[in-house]
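Colleague: First, the structure itself, so that you have it in front of you.
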Amino acid sequence: MPDLRHVPRALAVAAVLAAALLRPPATAAGDDPGHPWLDPARPVAERVDLLLGAMTQDEKLNMIRGHGLALIPRGRVAPVPRLGIPELRMHDGPHGVSDVRGVTAFPAPVTLAATWDTALARRFGAALGAEARGKGVNVYLAPAVDILRVPQSGRAWESFGEDPYLASAMAGEEVAGIRGQNVIATVKHYIGNNQETDRMRVDAVIDERTLREIYYPPFEAAVDAGAGAVMCAYNKVNGPFACENPQTLTAGLKDSMGFGGWVMSDWLATRSGQKAALAGLDQAMPDDPLFAANLKAGIALGTFPAARLDDMVRRVLTPMFADGLFETGYGTPDRDVRTPEHTALARDIAVSGTVLLKNRDGILPLTGGRIAVIGTAAHDNVEITSAGSGRVLPPYVVTPYQGLNARAGGTATYSPGDAAGALPWDVDKRLREAADAARRADVAVVVVGLSSQEGEDRPDLGLPGNMEKLIETVAAANPRTVVVLTAPAQVLMPWADRVKGVVSAFVGGQELGNALASVLYGDADPGGRLPMTFAARAADYPASTPEQFPGVDHRQVYSERLRVGYRHFDATALTPLFPFGHGLSYTSFSYDSLSISGATVRARVTNTGSRAGVAVPQLYLGFPPEAGEPPRQLRGFARLRLAPGESATVAFRLPERAFQVWTPQGWRTVRGDHTVQVGASSRDLPLSGTLTR
Ligand code: BGC
């Protein structure tokens, strides 16, 4: 049974203790004439040159391979004490330090993306970095920025959703937050790792323009924000494996994006030695003596250039100096690294990432009365993390029932309702009990959910077991029914018409129940917006042939090209169940006064209701038709809190890239009239104008 205690005092003491114990290494002797690279006053490039010049070939080879797999850290690169090079300690994960006690279980990145709040993304990265540092980790294996191409993706919860612009904004801030804690950020999984099925073999066939416009941008944003490492993926991309692909690693990542850090393999994704290194792989993880040995033999035989080994080592050392690894002290895995601030942040993200999808007759916010909380996902089987390398061990979980019951002054009831964990002869009994509980209450809140995980995709887009039946049973018993969805990505909602309210929390972390209580009772406005499109039917999603997903004969073709997510729904005039960017507030907003001056677009947003609330104005750009682009693409957003009657003018400054497409000659601005649309979601765009380039 989850534990509701918060022990903030104990956490504060732990934080002070941890800070006192994190002393910098004794070797950081900047004025040591024998180790001039240890002088932090020297420029990074100079320090790298000095150190490289002092290294033997074996010491160089040491830097490009891992040394043993463990639970924490998941990967190590041996230190070189002679030269004062610290050990690299690499660890996951996406929403908290994985598989170890004494950490905060934050909401998953998909919930963070649903906040559309870049300041929260920065704080999220800083908190992950601080907890990682406290656990002794100096290379963090996050963020994962693979675009959510298919809702079935087992790692959907680790992603920032379906749109490259939103994912880029989140990725850049998270990276900056992690680095700010003297921890190297690793952006992953490069590239074409958008499904789990067959991930060790499948060839992702993606044309260059699609790669550049849809899949590369979040990596580019992470690189621009200073990510020190890029993890190459298990799968193949247009033929070669991602970890030995010269087109994506060298031409795309290093040459075009200007990435100066190192490419590390995903765990056991190195398939060759010299071939991979010549294609752009810099480091084999987690323990691969063959890679280094093959390079060493190649140098001796003259088949592998020693200069490339120097380049590889330079790429590892550069972020180590730039991010302060030589000067910083790191903790140990047994530390309790939680803080009251991190607990509060976990709750803030969960609140801000809660999306109100439907609110017929203003059923929400709740105004008191008796509430029946129904569904095993509300209490017995709460979905707040996942299996796989990203699993987090939560110190406690405030369950939806606990949070709502506390807010309702202890008057809420709970019934499991669905069959998860039930014996066959109890199934109907549970449904009957749930219907009875709903009948006796003023409002029924049905919590449904599921998790997905690394290594496998969801087999379908339905809710598991008899959850759909539960929703229908409860809705028939009490028309005042609200469904709360706790899931990593989209599910089908054939029941959506039968209930008055639908809320998505995605993967809400340890504070899920408190966050839901705040939003459902209106203590906080539901500020979340969808980072993905919810389709009415499975066949409406863009990659719905077997050739596209999960692929045939180990080959998956990205034939939808640029039409990922809402781009496809717009291009084919399909009506989604809930569009990308959608999310209701408890107040109302109007949009007016669009003005366009040069590449700056301004619009005014006014809170026209009687409550304070959160608006997320979004700007979509449409290219001239001959560009062959999807009808509209997100190019700007803001998150505003407005008091009743209050207005704010948002300014979107569009960079030249906003007007460019990828051509065989590189990025080219498309001349002509671009359509500018501003509003509350990709399908609610009251303002429009024209911007001529
Ligand atoms: C995952 C990576 C992870 C690595 C180390 C792999 O299975 O794909 O995301 O960082 O393991 O745990």
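The values are calculated or read from the model by the stated rules, or taken from the named source; none is laboratory data. Not measured: the values here are computed from a predicted model. Positions of Cβ are generated from backbone atoms using ideal geometry, with glycine treated the same way; all protein chains shown enter the neighbour counts. Side chains included, ligands, DNA and RNA excluded: accessible areas come from the protein's heavy atoms. Shrake-Rupley method; radii C 1.70, N 1.55, O 1.52, S 1.80 Å.
Colleague: With every protein chain left in place, what is the accessible area per residue of the stretch 477-634 in square angstrom, probe 1.4 Å?
Modeller: On a per-residue basis, the stretch 477-634 sits at 31 Å².
Colleague: I'd like the projected area of the stretch 240-288, averaged over all directions, using the convex hull of its alpha carbons. Report it in nm² with one decimal.
Modeller: With every direction weighted equally, the projected area is 3.0 nm².
Colleague: Same structure again: When the accessible area of the stretch 139-240 is computed with all protein chains present and a 1.4 Å probe, what percentage of it is carbon and sulfur?
Modeller: On the stretch 139-240, the fraction of accessible area on carbon and sulfur atoms equals 45 percent.
Colleague: If r is the Cβ-Cβ distance from A648 to A306 and R0 is 60 Å, what FRET efficiency results, to the nearest 0.05?
Modeller: 0.55
Colleague: Within the P(r) computed for the chain, what percentage of the Cα pairs occupies the region above 44 Å?
Modeller: 23 percent
Colleague: Additional query: Using 0.36 nm per residue, how much length does the chain from V427 to E456 gain when fully extended, once their Cα-Cα distance is taken away?
Modeller: 7.6 nm
Colleague: Here's something else I'd like to know. In nm, to one decimal, how far is the modelled label at T675 from the one at E656, with both set 7 Å along Cα→Cβ?
Modeller: It works out to 2.7 nm between the two label points.
Colleague: What Kirkwood hydrodynamic radius do you get for the stretch 596-641 when you take the inverse of the mean 1/r over all pairs of distinct Cα atoms, in Å?
Modeller: For the stretch 596-641, the Kirkwood estimate is 12.9 Å.
Colleague: Take the Cα coordinates of the stretch 345-503, assign each an equal point scatterer, and use the Debye formula without solvent to give log10 I(q)/I(0) at q = 0.10 Å⁻¹.
Modeller: Relative scattering, expressed as log10 I(q)/I(0), comes to -0.35.
Colleague: May I ask you to give the solvent-accessible area per residue for the stretch 344-447, in square angstrom, as obtained with a 1.4 angstrom probe? Walk me through the intermediate numbers first.
Modeller: Numbers: 3890 Å² over 104 residues.
In whole numbers, the stretch 344-447 has 37 Å² accessible per residue.
Colleague: If you filter the stretch 505-597 for trypsin sites (Lys or Arg not before Pro), then keep DSSP loop positions with at most 15 other Cβ within 10 Å, what is left? If you can, show how the numbers build up before the last one.
Modeller: Working: sites: R529, R537, R555, R561, R563, R567; in loops: R529, R537, R561, R563.
The qualifying sites are R537.
Colleague: With Cβ to Cβ distances under 14 Å as the rule, what net charge do the other residues near E173 carry (K, R +1; D, E -1)? Show your work: numbers first, answer last.
Modeller: Values: positive: R122, R123, R179, R639; negative: D117, E174, D224.
Result for the neighbourhood of E173: +1.
Colleague: Using the basic label-point model (7 angstrom from Cα toward the beta carbon), what is the R201 to Q247 distance in nanometres?
Modeller: Taking the two extended label points, one gets 2.2 nm.
Colleague: To continue, here is another question. Let me know the Kirkwood hydrodynamic radius for the stretch 384-475, please, with Cα pairs as the basis and the value in Å to one decimal.
Modeller: 15.1 Å
Colleague: What is the local net charge at L295, summed over the other residues whose Cβ is closer than 10 Å to its Cβ (Lys, Arg +1; Asp, Glu -1)? Could the numbers behind the result be given before it?
Modeller: Details: positive: K60, R65, K296, R308; negative: none.
With Lys, Arg at +1 and Asp, Glu at -1, the neighbours total +4.
Colleague: How much length would be gained if the chain were fully extended between A573 and L69, taking 0.36 nm per residue of separation minus their Cα-Cα distance, in nm to one decimal?
Modeller: Between A573 and L69, full extension yields 176.5 nm more.
Colleague: Say R0 is 45 Å: what FRET efficiency, to the nearest 0.05, do D592 and E341 get from their beta-carbon distance?
Modeller: Here the calculated transfer efficiency is 0.70.
Colleague: Sticking with this structure for a sec: So what is the calculated 222 nm ellipticity per residue for the chain, using -39500 (n - 2.57) for each DSSP H run with n of 4 or more, over all residues, to the nearest 500 deg cm²/dmol?
Modeller: Values: 16 runs with 176 residues, N = 693.
Value at 222 nm, helices only, nearest 500: -7500 deg cm²/dmol.
Colleague: Report the relative contact order of the stretch 220-374, percent, no decimals, based on alpha-carbon pairs under 8 angstrom and at least 6 residues apart. Walk me through the intermediate numbers first.
Modeller: Values: 143 pairs, mean separation 27.5, N = 155.
The value is 18 percent.
Colleague: Let me ask something additional. Computed FRET efficiency, Cβ-Cβ of Q665 and E327, R0 45 Å: what is it to the nearest 0.05?
Modeller: Computed FRET efficiency for Q665 and E327: 0.55.
Colleague: What is the P(r) of the stretch 97-225, as percent of Cα-Cα pairs per 5 Å bin from 0?
Modeller: Taking all Cα pairs of the stretch 97-225, the binned fractions are 2, 12, 21, 24, 19, 13, 7, 2, 0 percent.
Colleague: Also, quick follow-up: Percentage of Cα-Cα pair distances in the stretch 287-432 greater than 19 Å, rounded to whole percent?
Modeller: Of the Cα pairs, 76 percent sit more than 19 Å apart.
Colleague: Using a 1.4 Å probe over the heavy atoms of the protein chains, calculate the carbon and sulfur portion of the accessible area of the stretch 28-79 as a whole percent. Display every interim value, and only then the final one.
Modeller: Values: 1360 of 2330 Å².
Summing carbon and sulfur atoms, their accessible area is 58 percent of the total for the stretch 28-79.
Colleague: How big is Rg to Rh over the stretch 172-320, alpha-carbon atoms, Rh as the Kirkwood inverse-mean-distance radius?
Modeller: Values: Rg = 14.8 Å, Rh = 15.4 Å.
Taking Rg over the Kirkwood Rh, I get 0.96.
Colleague: Also, quick follow-up: In nm, give the distance between the simple-model label positions of A627 and Y396, each being 7 Å from the Cα along the Cα-to-Cβ direction.
Modeller: A separation of 5.1 nm, rounded to one decimal place.
Colleague: Now, a different point. Could you sort the peptides 245-253, 398-406, 663-671 by per-residue average Cβ neighbour count (10 Å cutoff), highest mean leading?
Modeller: 398-406, 245-253, 663-671
Colleague: Residues with beta-carbon under 10 Å from that of L621, excluding L621: net charge, scoring Lys, Arg +1 and Asp, Glu -1?
Modeller: Residues close to L621 contribute a combined charge of +1.
Colleague: Find the relative contact order for the chain and round it to a whole percent, using C-alpha pairs within less than 8 Å whose residues are 6+ positions apart.
Modeller: Values: 1739 pairs, mean separation 103.5, N = 693.
For the chain, the relative contact order is 15 percent.
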